[in-house]
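J.: Take a look at the following structure, please.
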Amino acid sequence: MVDVYSRDARRFFDEYRKVGFEAVHGSWLRHLPEQPGFALDVGAGSGRDAAALAGRGWEVMAVEPADDLRELAKRATADRGVQWVDDRLPDLGRIRALSYRFNLVLVSAVWMHLPPTQRERAFRILAELLAPGGLLVVTLRHGPSTDERILHETDRNELEALARGRALVTVVAHADDDRFGRPDIRWETLVFRLPDDGTGSLPLLRHVIVNDDKSSTYKLGLLRAITRIADGVPGMVLARSDDWVDIPLGLVGLYWIKLYQPLIIKHHLRQLPGAANYGFAKDDFNKLADVSPLDLRIGKPLDGELAPVVLRAIRDACRTITQMPVRYTTYPGSNRPVFESVLSGARVTPGRTILDRDVLARFGTFRIPSLLWDCCSRYACWLEPAIVNEWAALMQTYEVRYNTDVFLTALRWEEGRRDTSRVRVLVEHRIRKHQDVHCIWTNRGLTHRRYDIDHCFPWSRWSNNDLWNLMPTTTQANAAKAEKLPSATLLQASRGRILQWWDDAFIGTERERQFLTEARAALPIAGDGEDLNGVFEGGVHQRMRLKMNQQLMEWFGLG
């Protein structure tokens, strides 16, 4: 079916553009919220609807699997900031991997292409993509095919039954004649609303954080590690299915060490009642007393004696995680564990090591329910302080001699220090050698003017010091941008300058591997992540993710 739309892309493109957005969708537009949000247009075709929504102020992601039709539509909507993705129902695998939730999901003139055997799964996935209060709009075509396309019968009752099964409420059910005047074809539009998040993930997390029995801080440590991973390094995912997200067990072990190192070694705070017997805090863990958290970051090379010490400490942490919090973090009222953990017998050998996905996957696989992973990704800014506050309160029951401030200080994420020094050194070196360096936002040369190093995505809202996120800018541009998020149009307009900076500063240098490893970990990048265009597209997705999850203010440039 997709081949038909690619082969006759121009015909379909022109045909869809003959009828206006309001003419097709007027029956439900009054239900759109006054404040535009995030929209997903599934089977976006010519981009007519995506462009119209963007014109109304919506952030739009358009899905179209037909390559040639998508390219025509992409060019036609280039000035609207619409983001295009090659994906399709029933799976929408690339969209789901981004952990987005949308205020509007539009499935216009698509449902008849889905065989009945695929519809239950497709509807479930569409419902899971809705934000609380979000609208799902589906148009149903009734009548025979008028060309070579194979169309399946559609039924309103079937769709409403699927909606009831996902706890969606029917808002609109509207019948209409065919806009092209074909007498044997008619249409129905069904609009559903999600009255809450519909997943149960937030109540489950709140239960574990606040209500669940805890014999130590381990459950909170595990949840905090997962939340920070989902928010900060989503590119470390090994695999995703409808039900599970798999990440390297060694990654969870690494974050576990970074959480507990200051608590146990630096501040000497108990993590369980009575005498300390942590299981993971063995000789290798204690040898990390003078190691900076910045030396334990993804992509960081480990040399000499430090490498095997860190790897053995991770291995010990993985064993404790598997034997304790994974086993005892269960669904309310049952003994069924929420998470799964499979240990591997990772051998630790001397020599230089880089903490990347392959190395950390040698320790085994950690499995998180997909809906829970999405929840941790979207609500990290809410979950993190909830976990920290509960952790501090729990420690206070073990150490009554301290006040809450002591515990909160010890729980501060030690890697969270703003640092632009690595890139500043590169810029200064290039200026001294009279090599061109331009502001990535304004294209002004920096050789003879004051400059700054800007976090492309603001540090205050997403603590990321990766090389790809640090950009040379004029002092004026950096001050004007402040803590705002670059707009979609500004980011696209700066694409050439960003790619040129990355190529000049990192590719072909000793920093190339670290640059690419950091980017693959932090960004949702398709493929192997070795292409700068892929890194940029990952950045585009991350920009939308940050705006969606945190509602950040945008910066549109100096002019």
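J.: Tell me which residues, restricted to region 222-251, are within 14 Å of the chain's Cα centre (by Cα), assigned to a helix (DSSP H, G or I) and charged (D, E, K, R).
T.: R228, D231
J.: For T447, work out the one condition from (1) farther than 30 Å from V210 by Cα; (2) of a type in the set (S, T, N, Q); (3) not in a loop (DSSP other than H, G, I, E, B) it doesn't fulfil.
T.: (3)
J.: Give me the residue from region 153-166 that is closer than 13 Å to P115 by Cα and over 34 Å from the mean Cα position of the chain (by Cα) and, out of that set, surrounded by the fewest Cβ atoms within 10 Å (Cβ to Cβ).
T.: Of everything passing the filter in region 153-166, E153 is surrounded by the fewest Cβ atoms within 10 Å (Cβ to Cβ).
J.: For the structure I just gave you, tell me whether L53 is outside any strand (DSSP E or B) and closer than 17 Å to S108 by Cα. Before you say what the answer is, go through the steps one by one.
T.: On the way: outside any strand (DSSP E or B): yes; closer than 17 Å to S108 by Cα: yes.
The answer is yes for L53.
J.: What pairs come up if the first residue lies in region 63-80 and is under 10 Å from A51 (Cα atoms), the second is of a type in the set (V, I, T) and part of a helix (DSSP H, G or I), and their beta carbons are under 8 Å apart, counting only those six or more places apart or on different chains?
T.: Hits for this filter: D79/T489.
J.: Looking at region 435-479, which of the residues that are in contact with a Ser or Thr (Cβ under 9 Å, 6 or more places away or on another chain) and among the aliphatic types (A, V, I, L, M) is farthest from V82 (Cα to Cα)?
T.: Among those that are in contact with a Ser or Thr (Cβ under 9 Å, 6 or more places away or on another chain) and among the aliphatic types (A, V, I, L, M), it is L446.
J.: Can you pull out the residues in region 154-209 that are among the charged types (D, E, K, R) and in a helix (DSSP H, G or I)?
T.: The first filter runs over region 154-209 and keeps only residues among the charged types (D, E, K, R), leaving 155-156, 158, 160, 164, 166, 176-179, 182, 184, 186, 188, 193, 196-197, 206.
Residues satisfying the conditions are R156, E158, E160, R164, R206.
J.: Which numbered condition in (1) surrounded by 19 or more Cβ atoms within 10 Å (Cβ to Cβ); (2) in contact with an Asp or Glu (Cβ under 7 Å, 6 or more places away or on another chain) is the only one that D231 fails?
T.: Going through (1) surrounded by 19 or more Cβ atoms within 10 Å (Cβ to Cβ); (2) in contact with an Asp or Glu (Cβ under 7 Å, 6 or more places away or on another chain) one by one, D231 breaks only (2).
J.: Could you check, for region 18-34, whether at least one of its residues is among the small types (G, A, S), over 26 Å from L135 (Cα atoms) and part of a helix (DSSP H, G or I)? Walk me through how you get there before you give the answer.
T.: If we filter region 18-34 for residues that are among the small types (G, A, S), which is where we start, we get 20, 23, 26-27.
Now drop any that are not over 26 Å from L135 (Cα atoms), which leaves none.
No - not one qualifying residue is present in region 18-34.
J.: Filter region 76-100 for residues that are part of a loop (DSSP other than H, G, I, E, B) and of a type in the set (A, V, I, L, M); which is surrounded by the most Cβ atoms within 10 Å (Cβ to Cβ)? If you could, list the steps in order and put the result at the bottom.
T.: To start, the set of residues in region 76-100 that are part of a loop (DSSP other than H, G, I, E, B) comprises 77, 81-82, 86-92, 98-100.
Next, from what is left, pick out any that are of a type in the set (A, V, I, L, M): 82, 89, 92, 98.
Working: V82: 24, L89: 22, L92: 20, L98: 19.
Looking at the filtered set, the residue picked out is V82.
J.: Let me ask another. Please state which of the following conditions L40 fails to meet, knowing it meets all the rest: (1) in contact with a strand residue (DSSP E or B) (Cβ under 8 Å, 6 or more places away or on another chain); (2) surrounded by 16 or more Cβ atoms within 10 Å (Cβ to Cβ); (3) at pLDDT below 95.
T.: Only one criterion is unmet by L40, namely (3).
J.: Let me ask you something else. Based on what the data block shows, is L383 surrounded by 16 or more Cβ atoms within 10 Å (Cβ to Cβ), of a type outside the set (F, W, Y) and closer than 26 Å to I314 by Cβ? Before you say what the answer is, go through the steps one by one.
T.: Values: surrounded by 16 or more Cβ atoms within 10 Å (Cβ to Cβ): yes; of a type outside the set (F, W, Y): yes; closer than 26 Å to I314 by Cβ: yes.
Against the criterion (surrounded by 16 or more Cβ atoms within 10 Å (Cβ to Cβ), of a type outside the set (F, W, Y) and closer than 26 Å to I314 by Cβ), L383 qualifies.
J.: Separate question: Please find, among P273, P325, the residue that is in contact (Cβ under 8 Å) with a residue 24 or more places away in the chain and under 27 Å from A239 (Cα atoms).
T.: Working: P273 fails: under 27 Å from A239 (Cα atoms).
Exactly one residue qualifies, and that residue is P325.
J.: For region 167-186: of the residues being within 24 Å of N103 (Cβ to Cβ) and free of Cβ contacts under 8 Å to residues at least 60 places away in the same chain, which is surrounded by the fewest Cβ atoms within 10 Å (Cβ to Cβ)?
T.: So the residue we want is V169.
J.: Going by the structure shown, is V208 surrounded by 13 or more Cβ atoms within 10 Å (Cβ to Cβ), under 26 Å from the mean Cα position of the chain (by Cα), within 30 Å of C381 (Cα to Cα) and aliphatic (A, V, I, L, M)? Walk me through it before giving the result.
T.: Details: surrounded by 13 or more Cβ atoms within 10 Å (Cβ to Cβ): yes; under 26 Å from the mean Cα position of the chain (by Cα): yes; within 30 Å of C381 (Cα to Cα): yes; aliphatic (A, V, I, L, M): yes.
Considered against the rule, which asks whether it is surrounded by 13 or more Cβ atoms within 10 Å (Cβ to Cβ), under 26 Å from the mean Cα position of the chain (by Cα), within 30 Å of C381 (Cα to Cα) and aliphatic (A, V, I, L, M), V208 comes out as yes.
J.: Looking only at region 275-322, how many residues end up being farther than 21 Å from T365 by Cα, of a type in the set (F, W, Y) and assigned to a loop (DSSP other than H, G, I, E, B)?
T.: Going through region 275-322 one residue at a time, the tally reaches 1.
J.: Among the residues of region 244-258, is there at least one that is surrounded by fewer than 16 Cβ atoms within 10 Å (Cβ to Cβ) and more than 23 Å from W459 (Cα to Cα)? Let's see the steps before the verdict.
T.: Of the residues in region 244-258, the ones surrounded by fewer than 16 Cβ atoms within 10 Å (Cβ to Cβ) are none.
Within region 244-258 (the criterion being surrounded by fewer than 16 Cβ atoms within 10 Å (Cβ to Cβ) and more than 23 Å from W459 (Cα to Cα)), the answer is no, since none of the residues qualifies.
J.: Does E537 satisfy the condition of being outside any helix (DSSP H, G or I), of a type in the set (D, E) and under 21 Å from the mean Cα position of the chain (by Cα)?
T.: Working: outside any helix (DSSP H, G or I): no; of a type in the set (D, E): yes; under 21 Å from the mean Cα position of the chain (by Cα): yes.
Against the criterion (outside any helix (DSSP H, G or I), of a type in the set (D, E) and under 21 Å from the mean Cα position of the chain (by Cα)), E537 does not qualify.
J.: If you don't mind, another one. Restricting to region 178-194, name every residue that is under 18 Å from V138 (Cβ atoms) and either assigned by TED's automatic domain parsing to the domain that holds F339 or at pLDDT 80 or above (or both).
T.: First, pick out the residues of region 178-194 that are under 18 Å from V138 (Cβ atoms): 178-179, 185-194.
Correct list: I185, R186, W187, E188, T189, L190, V191, F192, R193, L194.
J.: Out of the residues in region 343-361 that are assigned to a loop (DSSP other than H, G, I, E, B) and either among the aliphatic types (A, V, I, L, M) or touching a strand residue (DSSP E or B) at 6+ places or on another chain (Cβ under 8 Å) (or both), which is modelled with the lowest pLDDT? Reasoning before the result, please.
T.: Filtering region 343-361 down to residues assigned to a loop (DSSP other than H, G, I, E, B) leaves 344-352, 355-356.
Then drop every residue that is not either among the aliphatic types (A, V, I, L, M) or touching a strand residue (DSSP E or B) at 6+ places or on another chain (Cβ under 8 Å) (or both), which leaves 344, 346, 348, 352, 355.
Values: S344: 93, A346: 79, V348: 86, R352: 86, L355: 92.
Per the stated criteria, the residue is A346.
J.: On the basis of being modelled with pLDDT of 90 or more, over 18 Å from G279 (Cβ atoms), touching a strand residue (DSSP E or B) at 6+ places or on another chain (Cβ under 8 Å) and exposed (fewer than 15 other Cβ atoms within 10 Å of the Cβ), does R327 make the cut? Give the steps one after another, and end with the answer.
T.: Numbers: modelled with pLDDT of 90 or more: yes; over 18 Å from G279 (Cβ atoms): no; touching a strand residue (DSSP E or B) at 6+ places or on another chain (Cβ under 8 Å): yes; exposed (fewer than 15 other Cβ atoms within 10 Å of the Cβ): yes.
No, not satisfied.
The values are calculated or read from the model by the stated rules, or taken from the named source; none is laboratory data. This one's a predicted model, so the numbers in the text were calculated from it and none came from an experiment. Here Cβ is always computed from backbone atoms with ideal geometry, including for glycine, and neighbour counts include all displayed protein chains.
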